[in-house]
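These notes are about the structure you will find just below.
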Amino acid sequence: MTILSSADRENNEKSSYFDLPSMEMSLAFPQATPASTFPPCTSDYYHFNDLLTPEEQAIRKKVRECMETNVAPIMTEYWEKAEFPFHIIPKLGAINVAGGSIKGYGCPGLSITANAIATAEIARVDASCSTFILVHSSLGMLTIALCGSVAQKQKYLPSLAQLKTVACWGLTEPDNGSDASGLRTTATKVEGGWRIEGQKRWIGNSTFADVLIIFARNTKTNQINGFIVKKDAPGLKATKMANKIGLRMVQNGDILLQNVFVPDEDRLPGVNSFQDTSKVLAVSRVMVAWQPIGISMGIYDMCHRYLKERKQFGAPLAAFQLNQQKLVQMLGNVQAMFLMGWRLCKLYEAGQMTPGQASLGKSWISLRARETASLGRELLGGNGILADFLVAKAFCDLEPIYTYEGTYDINSLVTGREVTGLASFKPTTRSRL
């Protein structure tokens, strides 16, 4: 046996077809339709659409049409390249959901339910786009709306609502993820403003955001304050994180803040302690819970169509008992997830939602979504590992959602603290006898 060196292999003549592009999916696998032509919605088995107001139904229809028309055809390509399709931002701006439930300042003033439905409909087609909107709207814009001055709202929100500018939200740090209240980025008062020093990590939209909401520890009071930092501020640098397996279109970044000056006018007056972030997170955690609902809807829709199109042993895959059982289990998950998400919205709108309820919603829904994606991956067989058929992409995209906005475990402990009255976030030190 002759073993060629790497140099010999490089010089060895390759086949004439070695560098040919991939075959078109319609030619390579004509028996089933890829997600670029998105399947019709078949997951509303219990007619939850009847629970929505005419306005909420109209928003759902408008968002669904936008996503299926503009995003579905290109999402696999950009997901594979780990690039964001900036050309779709004006189309996302045109559906008028950025700003969600914020009233005034050019924002849509949606109900929490309408905001959640829009989030789900975006995620049904593409989870990365829903994360882009969520970070921009339910974190960045909402912080300005709830914690900013009137002047700040007038200055920043109208442009952000039209997606002419983009926001990000910088809380997480390399050493502080779940323990976010221990953040180490500092803000030092100087004449006319503040000097920010520190580092942030995992910040979505940060590499191209026009407006960065940054949380830092006041060196005088030792409390957490909030600041609006503009892109290209001297001393600010954001670099793209590479090698993610999920939400690959989302541009998560490492942010370095080296003696960044922020004028007094861009200090958020409503953020004077870490507790002040809770009013923002209360809304965003509800919205995050609706991402896996939407993703699971898309997975079910894709599998429902695939099983009817794909044939083996002379029959559609939908004709086999095991496949029907898995499909029905997925359908049941979607119904239960939707109902929990809908109830969360109603509790919030009535002013009755507690942090524990929001955390249980996010943790339980994301757990069921993972199960739904796993079943979908089984149903699609080999095509279950191809992003072209949505399920593999959704399978990967659910992993970061399962973790961000509080991991499954942390959210469980938030609910556990609420129902028992006992906090268990830190390990208990026991003395040895």
On average, how much accessible surface per residue is there in the chain, in Å², for a 1.4 Å probe, leaving out ligands, DNA and RNA? 47 Å²
Whole-Hz Karplus ³J(HN,Hα) for the stretch 336-342, in order, using 6.51 cos²θ - 1.76 cosθ + 1.60 and θ = phi - 60°, x for Gly and Pro? 5, 5, 4, 5, 5, x, 4
Round to a whole angstrom and tell me the spacing of the C-alpha centers of the stretch 361-433 and the stretch 69-87. 26 Å
Give the longest segment of the chain that steers clear of GluC sites (Glu not before Pro) in DSSP loops with at most 16 neighbouring Cβ atoms within 10 Å, not counting the sites themselves. 192-433
Determine one quarter of the surface area of the Cα convex hull of the stretch 21-69, which equals its mean projected area, and express it in nm² to one decimal. 4.7 nm²
Sites matching chymotrypsin sites (Phe, Trp or Tyr not before Pro) across the stretch 22-83 that sit in DSSP coil, with at most 16 neighbouring C-beta atoms within 10 Å: Tyr45, Tyr46
Rounded to a whole number, what % of the accessible area of the stretch 292-349 do carbon and sulfur atoms account for, probe 1.4 Å? 59 percent
Once Rh for the stretch 52-108 is found with the Kirkwood sum over Cα pairs, what is the Stokes-Einstein diffusion coefficient at 25 °C and 0.890 mPa s, in µm²/s? 191 µm²/s
Each label sits 7 Å from Cα toward the beta-carbon; between Asn259 and Lys231 the label points are separated, in nm, by 2.6 nm
Only loop residues by DSSP count here, and only those with at most 13 other Cβ atoms within 10 Å; note down the trypsin sites (Lys or Arg not before Pro) in the stretch 211-307 that meet that. Lys220
Rounded tilt (10° steps) of 278-309 against the dominant C-alpha axis of the chain: 0 degrees
The chain: mean projected area of Cα convex hull, nm²: 29.7 nm²
Difference of contour (0.36 nm per residue) and Cα-Cα distance, Glu55 to Ser22: 7.5 nm
As a test of the formula, what do you get for the chain when each DSSP H run with n ≥ 4 contributes -39,500 (n - 2.57) and the sum is divided by the residue count, at 222 nm and rounded to the nearest 500 deg cm²/dmol? -14000 deg cm²/dmol
Given a cut-off of under 8 Å on Cα pairs at least six residues apart, what relative contact order in percent is computed for the stretch 92-217? 24 percent
Can you run the Rg to Rh ratio on the stretch 140-210? Use alpha carbon positions and the Kirkwood inverse-distance Rh. 1.00
Modelled label-to-label distance, Ala350 and Arg417, 7 Å Cα→beta-carbon offset: nm? 2.5 nm
Percentage relative contact order, the stretch 269-368, counting C-alpha pairs under 8 Å, at least six apart: 39 percent
Using only Cα atoms, find the angle between the long axis of helix 112-125 and the longest principal axis of the chain, and express it within 0 to 90 degrees, rounded to the nearest 10. 40 degrees
In whole angstrom, the spacing between the Cα centers of the stretch 182-232 and the stretch 319-354 equals 38 Å
Long-range amide H contacts for Gly193: which residues qualify at under 5 Å (H placed 1.01 Å from N, peptide plane, sequence gap of 5 or more or a different chain)? Asp264
May I ask you to compute the full-extension gain from Phe313 to Asp175, defined as 0.36 nm times their residue separation minus their alpha-carbon distance, rounded to one decimal in nm? 44.3 nm
Pair Glu80, Tyr45: separation of 7 Å Cα→Cβ label points (nm): 3.3 nm
Within the accessible area of the stretch 1-143, what % is carbon and sulfur when the probe is 1.4 Å and the other protein chains stay in place? 54 percent
5 angstrom amide H check on Trp169, placed H, neighbours 5+ away: Gly204, Ile213
So how long is each side of the stretch 313-388 along the principal axes, counting just the alpha-carbon atoms, biggest first, in Å? 56, 22, 17
Vicinal HN-Hα couplings computed from phi for the stretch 58-71 (Karplus, 6.51 cos²θ - 1.76 cosθ + 1.60; Hz; Gly/Pro x): 5, 5, 4, 5, 5, 5, 4, 5, 4, 5, 5, 7, 9, 9
Apply the Kirkwood formula to the stretch 287-339: the hydrodynamic radius equals the inverse of the mean of 1/r over all pairs of different alpha-carbon atoms; give it in Å with one decimal. 11.8 Å
Accessible area of the stretch 211-250 belonging to carbon and sulfur atoms, whole % at 1.4 Å probe: 51 percent
Got the relative contact order for the stretch 116-168 handy, in percent, Cα pairs under 8 Å and 6 or more residues apart? 33 percent
Treating the angle as unsigned and between 0 and 90°, give the value, to the nearest 10°, between the Cα long axis of helix 150-161 and the longest Cα principal axis of the chain. 10 degrees
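The values are calculated or read from the model by the stated rules, or taken from the named source; none is laboratory data. These numbers come from a predicted model, not from an experiment. So basically every Cβ, Gly included, is an ideal-geometry build from the backbone, and we count neighbours across all protein chains shown. In case anyone asks, the SASA skips ligands and DNA or RNA and just uses the protein heavy atoms, side chains included. Shrake-Rupley method; radii C 1.70, N 1.55, O 1.52, S 1.80 Å.
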